[in-house]
Amino acid sequence: MQKKYIAIIALSLMSMGGCQMPAGEGGGGAGAFTSFLPLVLIFVLFYFLILRPQQKQGRKRADMLKSLKRGDNVITSGGIYGKIVSVADDVMTIEIAKGVNIRVSRSGVAGLQASEGSEQKEDKSGK
């Protein structure tokens, strides 16, 4: 749906750039400004719709990776569920079954697994 709005805004901005003063009249500097204005507006639009949310999501993931500690239930990017047994600088050991441990890079963690208590609350509120 955002792509539809972006396309509509981009087309309207491009059509604004077509309105230029006739060549015989003065004001050539104003014509150059109006021809760059749609490009500037498109860049600002892309910044607020694409770049800024992506940076915000990246910061949130980096904070999550920094806050990982022993005992957290995590999901790896490969889809493995486990519990963190130990954390070194960039490598952590995850217990995926009783007595089965794997070593995973910190960046290989996709996210924290939701606790069982919050899942039960969501089920009750969803009914």
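Bear in mind that the values in this text are calculations on the coordinates, not laboratory data. Everything numeric in this text was worked out from a predicted model, so none of it was measured. Every residue, glycine among them, receives a Cβ derived from its backbone with ideal geometry; neighbour counts consider all protein chains shown.
For ASP72, nonlocal amide neighbours, meaning residues 5 or more places apart or on other chains whose placed amide H falls under 5 Å from its own, are ILE84. Backbone phi angles across segment 52-67, fed through the Karplus curve with coefficients 6.51, -1.76 and 1.60 (θ = phi - 60°), yield HN-Hα couplings of 5, x, 5, 5, 5, 5, x, 5, 5, 5, 4, 5, 5, 5, 5, 8 Hz in residue order; Gly and Pro are listed as x. Annotation for segment 41-106: trypsin sites (Lys or Arg not before Pro) lying in DSSP loop with at most 16 further Cβ atoms inside 10 Å of their Cβ are LYS69, ARG70, LYS98. The label-point distance for LEU39 and LEU68, in a model that sets each label 7 Å from Cα toward Cβ, rounds to 4.3 nm.
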